[in-house]
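Just so you know, all these numbers are worked out from the coordinates, no wet-lab data involved. Because the structure is a prediction, the values reported are computed rather than measured. Don't worry about glycine lacking a Cβ; one is built from the backbone with ideal geometry, like all the others, and counts go over all protein chains shown.
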């Protein structure tokens, strides 16, 4: 029995390869979690990630058979659901409570909110291409961006900034005049500065920024962020050209979140510079195909592809930038590779919808 694959096959090939590599990274990097929570089953997180990967690919496969044009109104409802989930985590209080666990699957509402928001923006901009030219037409879009940002940023400023950046670039590509974008950027900057000094996690963010600027004194510092940065640097440095080999990382025992926020560091330690370049090449192929398809698509399909491209490329840049000490520490997973349920499911929707658009482009 053959499996029918519609649309651009390179999207599927690169996604499956990244997911398979992610299994190797998670199996090695999650050893600390195994000792802590499941010492009797060393393969627990490998099995869990493997099942989630199978589910994600099944979701992507099912979605790619659907007509992407029917997803427009659905995004409106999905965004409302994400607002409910974000509100739940927001009013629950603690900054650490940014996840919801359902049946053993961890969901991060901020990722769901960002994905559904981009879908809503694409749908509304496709319905009314002239909406960005007037403040009256722009306000419904800004309201949705503002609500999503206000629910994400107080607990997770880095994801809030990613949301604002992606939304700004997306609106500009969609036709927002530069003067309006500059005005909105000024207002958004004031909001970010206000949060940076008044939010409940303000001290954490300030310490992270201070640690980033003072990273020359890395090993003399006793802060948690400098500890993470030090061991991430050791992982990258010790990987060399070829790496230590699969499952031979030493920094996985010391580096917090080695299986998620610092997955790229562990990947380089075990597979070396060549392994890191190979992973980036796979992301490059995936993003190149989405960008190429966006140049020939029209309307909602084109905007959907642009939104998908922006989400994936920025996640990769931020995650890799943190692992290589180019950016302050943030909690951004590496698409298809980091451990996490919501991350895989969001990437599955991106893959499925991109394949759906590509199939109708290639068929026409």
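Just a few scattered comments:
- Spacing of the modelled spin labels on residue 273 and residue 55, each 7 Å from Cα toward Cβ, amounts to 4.0 nm.
- The peptide list 255-261, 63-69, 49-55, put in order of mean Cβ contacts within 10 Å with the highest first, becomes 255-261, 49-55, 63-69.
- Stretchable slack from residue 360 to residue 317, in nm (0.36 nm times residue separation minus alpha-carbon distance): 12.5 nm
- Protection-proxy order for peptides 9-18, 150-159, each taking the mean of Cβ atoms within 10 Å per residue, highest first: 150-159, 9-18
- Inter-label distance, residue 250 to residue 285: 3.4 nm, where each label sits 7 Å from its Cα along the C-beta direction.
- Ordered by the count of other Cβ atoms within 10 Å of each Cβ, fewest first, 120, 31, 81 give 81, 31, 120.
- In a fully extended conformation the segment linking residue 209 and residue 136 would gain 22.5 nm over its present Cα-Cα distance, using 0.36 nm per residue.
- Gain on full stretching of the segment that runs from residue 186 to residue 38 - 0.36 nm per residue minus C-alpha separation: 48.4 nm
- When Rg and the Kirkwood radius Rh are both evaluated on Cα atoms of the chain, their ratio Rg/Rh stands at 0.96.
- Least to most buried among 41, 78 (fewest other Cβ within 10 Å first): 41, 78
- A Gaussian network model of the chain, with springs between Cα atoms under 10 Å, assigns the largest mean-square fluctuation among 36, 143, 293 to 36.
- Among 265, 354, 338, a tally of other beta-carbon atoms within 10 Å of each Cβ gives an order, fewest to most, of 338, 354, 265.
- Percent RCO, i.e. relative contact order, over the chain, from Cα pairs under 8 Å lying at least 6 residues apart: 29 percent
- Each stretch of four or more DSSP H residues adds -39500 (n - 2.57); spread over every residue of the chain, this sum gives -24000 deg cm²/dmol at 222 nm.
- Working from label points 7 Å from Cα in the Cα-to-Cβ sense, the residue 238 to residue 165 distance is 3.0 nm.
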